Amino acid sequence: MSKRTNIILILLLLFIILIIKISFTDPKIKDGKYTFAVITKFKLKAGSGENSVFTYSVNNKKYSFWGFYNKTLIIGDKFQLLYDKTNPNKSIIFPEKPIFLKDEKIKSYFATVIRIKKYRKKQVHFKYYINNKEYTRIQYLPDSFSIKSDSILNRKYRIIYWSENPQRSIIFLDKPVK
């Protein structure tokens with residue numbers, strides 16, 4: 001290959017890397033306000049497999065976007081979201097902050113941690129039994145969450161779950177069950 005062809009290929013590669021980086025970077029929120037986003041459906045997206053479709057409302061207008069997915073999510077899962085008040089279409093979802101609304105009926109129980117993923121996006125995998133049925137769940141953890149060892153593995157922790165569908169749950173790693 002000629003020197004010119006090599007330079008063109010390098011520039012093209014740098015351009016592709018820049019586009020990928022921009023597409024995976026959270027937008028800058030200048031004047032933010034918190035709300036929540038709810039999973040409304042799951043869709044296949046070419047090249048990236050299954051994705052969750054999230055919807056949130058600002059001033060009675062609905063906004064939707066494609067987001068993260070794991071096999072334990074269900075329609076109705078809710079997560080904290082920050083949107084830009086001047087441009088509500090700009091938003092950042094926090095997969096590590098699942099929530100229940102005040103009017104949702106929840107129950108408390110315990111779950112056993114069965115796996116910890118410490119690299120890339122930190123996760124805790126846990127299982128629990130409600131009415132003799134086993135449920136497993138993956139919950140993302142904040143980047144700041146420190147896991148010094150696998151000492152939480154196979155330990156029991158408090159969870160809350162939605163009474164209408166126990167698959168929707170949140171584990172509290174700061175609340176071990178003794």
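Before moving on, here are some points about what is shown:
One line per residue, one yes/no per condition, for (1) modelled with pLDDT under 95; (2) among the hydrophobic types (A, V, I, L, M, F, W, C); (3) farther than 24 Å from THR55 by Cα:
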site	(1), (2), (3)
PHE94	yes, yes, no
LYS97	no, no, no
LYS105	no, no, no
ARG137	no, no, no
TYR140	yes, no, no
ASP143	yes, no, yes
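- From the list ASN87, ASN154, the lone residue that is under 26 Å from ILE29 (Cα atoms), at pLDDT below 95 and out of contact with any Leu (no Cβ under 9 Å at 6 or more places or on another chain) is ASN87.
- Look at segment 89-102: where a residue is more than 15 Å from LEU73 (Cβ to Cβ) and a partner is among the acidic types (Asp, Glu), sitting 6+ places away or on another chain with Cβ atoms under 9 Å, you get LYS90/ASP84; SER91/ASP26; SER91/ASP84; ILE92/ASP26.
- Yes/no for LYS121 being touching a residue at least 24 places away in the same chain (Cβ under 8 Å) and in the same structural domain as LYS41 (by TED's automatic domain parsing): no
- Residue count for segment 154-178, restricted to those that are among the hydrophobic types (A, V, I, L, M, F, W, C) and closer than 15 Å to THR136 by Cβ: 3.
- Scanning segment 35-57 for residues that are part of a loop (DSSP other than H, G, I, E, B) and either basic (Lys, Arg) or under 14 Å from the mean Cα position of the chain (by Cα) (or both) yields a total of 0.
- Long-range neighbours under 7 Å by Cβ, at least six apart or interchain, first residue farther than 19 Å from ARG168 by Cβ within segment 130-147, second assigned to a loop (DSSP other than H, G, I, E, B): ASP143/LYS122; PHE145/LYS122; ILE147/LYS118
- Filter result for SER146 (under 12 Å from LYS107 (Cα atoms), among the hydroxyl-bearing types (Ser, Thr, Tyr) and outside the structural domain of LYS71 (by TED's automatic domain parsing)): no
- Test: residue in segment 66-79 that is more than 25 Å from HIS125 (Cα to Cα) and free of Cβ contacts under 8 Å to residues at least 24 places away in the same chain: no
The values are calculated or read from the model by the stated rules, or taken from the named source; none is laboratory data. Predicted model, so just to flag it, every value in this text is computed and none were measured. Every residue, glycine as well, gets a Cβ built from its backbone with ideal geometry; the counts of neighbours run over all protein chains shown.
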